[in-house]
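Here's the structure we're looking at; comments come further down.
The values are calculated or read from the model by the stated rules, or taken from the named source; none is laboratory data. No experiment lies behind these values; they were computed from the predicted model shown. Cβ atoms come from the backbone with ideal geometry, glycine included; neighbour counts cover every protein chain shown. Accessible surface is based on the protein model in full, side chains and every heavy atom, while ligands, DNA and RNA are left aside. Shrake-Rupley method; radii C 1.70, N 1.55, O 1.52, S 1.80 Å.
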Amino acid sequence: MSENDAKAVGPRDPLVSTDAHERPVELLQDLIRFETVNPPGNEKACIDWIGELLEAYGIDYATYARDPERPNLTATVSGGDGSPLLLYGHVDVVPVAGQDWTHDPFEGIIEDSHVWGRGTLDMKSGVAMFLATFLRLAAEDEQPPGDVHLLAVSDEEAGGDDGLGYLVDEHPELFTDIDHAIGEFGGFNLDLAGVDTYPIQVNEKQVCWLEATFRGNSGHASFPHEKTAMGQMASFVETVDRERLPVHITSSAEEMFESLADAVPPEQAEQFQALLDPEQTDNVLDAMDVETKMFDALLHNTANPTIVEGGDKENVVPEEVTVFLDCRLVPGQKPEDVIQELRGLTNSDPEFEVVRFDPGPPAADLEMFEEFGEILEAETGGVSIPLLMAGATDGRHLAQVGVQSYGFIPMQLDELPFLDLVHSGDERVPVETIKWGTERVYEAVHEYEG
Ligand SMILES: [Zn+2]
């Protein structure tokens, strides 16, 4: 299929034919045309279409839903005696409001050799690759080494409570035999401190939302007051905003920075190794001449004040003020650990409440990392890195049922800045790399022995 052909297709019914596995770019365009903006998601039409496509190939599927408008779909292609492998992705996307777009974000237009639209990077490109690979496995005579499961879920972008979170809570039996999965975040080229890396996400920080409530003297606002809730909150926020929490070196950070150190010249390698010495970490971060926000986040718990509530009348000093904190904990840390760190850092003693905690595994299982990494290295000459991620993905839900997720959506984006385009206006992906990535996923499935 040439690019022009794909463009000429224009608005049409979504593809339902038994050569769909040879047309991953059209699958991506079709996926983009379902407006699955979360909230509210509205993923049903998209999931139903995936079901129709599977039916066309003679593949049975099942759906599971907490909210009937937000189903999750599973299907299996039978393989040999090898361990089963899961390919999973989310079909919801983030909103486009207030963003500048050259093309309609839901038309799936091809121009300048790129597919444009919401989800071209996160992660309808991945869903298209997984779907095309899965359909190809079903169409071929040769069996994959083990069973291959496909899972298309709703609601990743808002935490997965209707998606993977729901499945692992209510249907853990779906994952009983599975040790490893291929999903998002990784497989694309990313410049990390001047190194051409192909990160493969293997672990992630843990979401921990807290409320800190301050109480103090209240009264009429025409008099001076000491030790007010407002004043205590302000001084707490000011400190949290300015200072780092203590350094934590986790095995996932070690694995990531050591593989970065192996890939750079000796002088720079020393810097990466020094990052892993807690006595030196903060000084090295301050001295590095690259953007280090991401590294910083991987070596500390973080806490960002995001919402303040308190006071409801102009002339009354409030008795109580609450600040909401979005904390992200490095693997292995618990809410009580970060609460203790916050008390120590700010020398204050508000009442803390844990609003949400999504625990993740203390360490990653790297069994498949090298095998998947080598597929990318052989093709690109880049360096694969076991990525600890600052943000959250559905990988954390899978970890709850003992499934290790590998972020593997292979893409060669050249100069396109993935991290700037994801969730932003003009999100786009090179057409050719969708086909290339699909081949790599297919290779990974065939090389997977578990
Ligand atoms: Zn995503």
Practice prompt. Using only the Cα atoms of segment 248-292, build the gyration tensor, take square roots of its eigenvalues as a ≥ b ≥ c, and label the shape rounded, prolate or oblate: rounded if a/c is under 1.5, else prolate if a/b is larger than b/c, else oblate.
Written response: oblate
Practice prompt. Please identify the cysteines of the chain that lack any partner cysteine with a Cβ under 4.7 Å from their own Cβ.
Written response: C46
Item to complete: Only helical DSSP H runs with n ≥ 4 go in: add -39500 (n - 2.57) per run for the chain, normalise by residue count and round the 222 nm mean residue ellipticity to 500 deg cm²/dmol.
Response: -10000 deg cm²/dmol
Worksheet entry | Convex hull of Cα atoms in segment 28-136, direction-averaged projection (nm²) | 8.0
Fill in: Accessible-area composition of segment 1-116, carbon plus sulfur, in percent [1.4 Å probe]
45
Item to complete: Taking the Cα centre of segment 334-392 as origin, work out the dipole magnitude from +1 charges on Lys and Arg Cβ and -1 charges on Asp and Glu Cβ, in debye rounded to 20.
Response: 320
Worksheet item: So what's the Cα pair-distance distribution over segment 286-392, bin width 10 Å, in %?
Response: 11, 29, 28, 17, 10, 4, 1
Worksheet entry | Å² of accessible area per residue within segment 12-169, as computed with a 1.4 Å probe and no ligands counted | 35
Item to complete: Please calculate the 1.4 Å probe accessible area of E336, with all protein chains present, and give it to the nearest 10 Å².
Response: 120
Worksheet item: In cubic angstrom, how much convex hull volume per residue do the alpha carbon atoms of segment 206-357 span?
Response: 117
Worksheet item: segment 89-126 to segment 206-231: how many Å between their Cα centroids?
Response: 43
Discussion item. Rounded to whole Å, give me the distance from the Cα center of segment 9-88 to that of segment 346-416.
Written reply: 24
Response to the item:
Here segment 342-350 yields Karplus 3J(HN,Hα) values (6.51, -1.76, 1.60; θ = phi - 60°; whole Hz; Gly and Pro given as x) of 5, 4, x, 5, 9, 6, 10, 9, x
Worksheet item: What percentage of the solvent-accessible surface of segment 199-339, computed with a 1.4 Å probe over protein heavy atoms, is contributed by carbon and sulfur atoms?
Response: 47
Worksheet entry | Number of Lys pairs (Cα under 28 Å; 8 or more positions apart or on different chains) in the chain | 12
Worksheet, complete the sentence: Residues meeting the amide H criterion for C327 (H placed from the backbone, H to H distance under 5 Å, 5 or more places apart or on another chain) are C208, W209, L210, N304
Worksheet item: Bin by bin, in steps of 20 Å, what percent of the Cα pairs in the chain do you find, going until the bin that has the longest distance?
Response: 24, 52, 21, 3, 0
Worksheet entry | Given charges at beta-carbon only (K, R positive; D, E negative), |dipole| of segment 206-357 in Debye | 580
